[in-house]
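Visitor: Please see the structure below; I have some questions.
Each reported figure results from applying straightforward, stated rules to the coordinates on display, with no laboratory input. None of these values were measured; they are calculated from a predicted model. Please note: Cβ atoms are built from the backbone with ideal geometry, for glycine as well, and neighbour counts cover all protein chains shown.
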């Protein structure tokens, strides 16, 4: 019998708590509706607050959206210009490979590489063999930095590399090479000309090869174009008298998969001689640019937040002063001070939601229009190609803009709400009398 009473008491208590919660939520909803009616009733003043929030959100979306596009364009430009998503190298190559690159060769027949090629997120594996030497035509001789590449795989890795004259490398033309536009100008050669490549083999001897210029390319880096050339991988193997490569470039289905794929590869091949380097560990310029522009956007957000807070706070303080008698009447009729405080906070929240929604709509339409027209941009330092900018709106950016609108308006309403809730009933009722 006692057990049944205890169970009944628990059920009764649960029912009371649920009923109280329902009443509480219902009361909050009624308070919010009252605040919304006050916003509509004082629409002229409310429109000023909504406009301030909306303009701030639009400015944030356009400024941060452009920076997001710069991040995306810089990242994807570097990846598609030949950097790829992940580099597979022999352990120690990144630290000591510059001094003695021939010590850090990975054979294409390494069993683990076949498993890497079969990895679910890996789209392409492109081998590369780096070397340098001299290129000459007639009496003109200049130094170069070269790469032996697989033409078919490199077409996927180096999608952003523009062949400005002639044709790209082809597996069917093993003795034809492509030169950077600047290197060709320095040497005085064009498409179809014959050149001689000289390089140092693994044993230290000098090796040469007669080649034909198949095409000229331009990349995002003018400094690279002034000294670079590319040759088919079999020609590089013959020239250096080796049968292995320095690195293998992995191209993934999506850049967002880089971190997870790198971790998975490192975990699966942790005991092998291979090392996996993601693109962001090699993109020093991108990392520094992202850090600098992120700080600038933080300053912009702070300025917009201060403007919204000052505007909304001033608007709501004027509302409190004009509605002092009304607030006193509510307190005299038994309304609690906490309810008065919540009402003004709800009014600020409503202004933030309406202004944020309006700002997102207008900002989104302007972003589409500006992206359609394009933003003419000059060539950055060290690059040779101009480009057109856009506005890129991402889900985190939209959520951040809405949170800024709602958060700042709620924060701005706290002091006016507190002042309204602390009014003395007698003084409030005699206000303006």
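Visitor: In deg cm²/dmol, rounded to 500, what helix-only [θ] at 222 nm does the chain give when every DSSP H run of at least 4 residues adds -39500 (n - 2.57) and the total is split over its residues?
Guide: -18500 deg cm²/dmol
Visitor: Mind checking which of 131, 119, 71 has the largest fluctuation in a GNM of the chain, springs on alpha carbons under 10 Å?
Guide: 119
Visitor: Something else about it: Could you compute the FRET efficiency for residue 34 and residue 260, with r as their C-beta to C-beta distance and R0 at 60 Å, rounded to 0.05?
Guide: 0.75
Visitor: Quick one: 337, 342, 117, fewest Cβ neighbours within 10 Å first, how do they rank?
Guide: Listing 337, 342, 117 from fewest to most nearby Cβ atoms yields 117, 337, 342.
Visitor: A further question on this structure: What percent does the relative contact order of the chain come to when contacts are Cα pairs within less than 8 Å and at least six residues apart?
Guide: Relative contact order of the chain: 25 percent.
Visitor: Moving on. Using alpha carbons only, how many angstrom separate the centre of segment 180-215 from the centre of segment 49-93?
Guide: 37
Visitor: Which FRET efficiency value, to the nearest 0.05, is calculated for residue 281 and residue 51 with the Förster distance at 41 angstrom and r the Cβ-Cβ distance?
Guide: Given R0 = 41 Å and the Cβ-Cβ separation, E is 0.35.
Visitor: Normalised radius of gyration for the chain, please: alpha carbon Rg relative to 2.2 N^0.38 Å, two decimal places.
Guide: 1.51
Visitor: Calculated FRET efficiency, residue 95 and residue 296, Cβ-Cβ r, R0 35 Å, to nearest 0.05?
Guide: It comes to 0.55.
Visitor: Taking the alpha-carbon centroid of each part, what is the distance from segment 116-174 to segment 318-372 in angstrom?
Guide: Between the Cα centre of segment 116-174 and that of segment 318-372, the gap is 61 Å.
Visitor: Next question, about the same structure. In terms of the Cα gyration tensor, with a ≥ b ≥ c the square roots of its eigenvalues, is segment 92-272 rounded because a/c is under 1.5, prolate because a/b exceeds b/c, or oblate?
Guide: In terms of gyration-tensor shape, prolate.
Visitor: Still on this structure: In units of 2.2 N^0.38 Å, what is the alpha-carbon radius of gyration of segment 155-202?
Guide: 1.28
Visitor: Related question: Restricting the count to DSSP beta bridges whose residues both fall in the chain, what percent are antiparallel, rounded to a multiple of 5?
Guide: Looking only at bridges with both residues in the chain, the antiparallel portion is about 80 percent.
Visitor: Now for a separate question. Using only Cα atoms, tell me the angle between helix 258-268 and the longest principal axis of the chain; keep it within 0 to 90° and round to the nearest 10.
Guide: Between the helix axis and the principal axis of the chain, the angle is about 60 degrees.
Visitor: Report, in degrees rounded to the nearest 10, the 0 to 90 angle that the Cα long axis of helix 43-78 makes with the longest principal axis of the chain.
Guide: Relative to the chain, helix 43-78 is tipped by roughly 20 degrees.
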